[in-house]
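Read through the structure below, which is laid out as structure tokens, and then see the notes.
Values quoted throughout were computed directly from the atomic coordinates according to the rules given, and no laboratory measurement underlies them. Remember, predicted model here, so these are calculated numbers, not experimental data.
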Amino acid sequence: MEPVRAERSGWMRKTGGWALLVVGVAGCVLPVIPGIPLLLAGLLVLAQDYLWAKRSLHKTKRWAVHVRRKARAKRAGAARTAANKSSEKV
């Protein structure tokens, strides 16, 4: 890629990432704009250029996996409890 074109695309990527991040923050306050998906998209774009964004994205992914596992365990426990109660009634 040409140096001028690469420089321009990097500038556009950073500007787009920051715009997504700012609109995402606004979306967390305003009820019309979906804030969380825009924040994640902004972090995803900025992670290509900034280490802090890459770290934040990694922490967010780890947190999401933790929450998903916790929810699955809770659902499995509720299903076992419901199965035990239904077998006791019979």
- Item | Calculated from backbone phi, Karplus (6.51, -1.76, 1.60) coupling profile of region 48-54 in Hz, x at Gly/Pro | 6, 10, 10, 5, 5, 5, 5
- Message: Output wanted: per-residue J couplings in Hz (rounded whole) for region 23-36, from phi through Karplus 6.51 cos²θ - 1.76 cosθ + 1.60, θ = phi - 60°, x for Gly and Pro.
- Response: 5, x, 5, 4, x, 6, 9, 8, x, 8, 9, x, x, 4
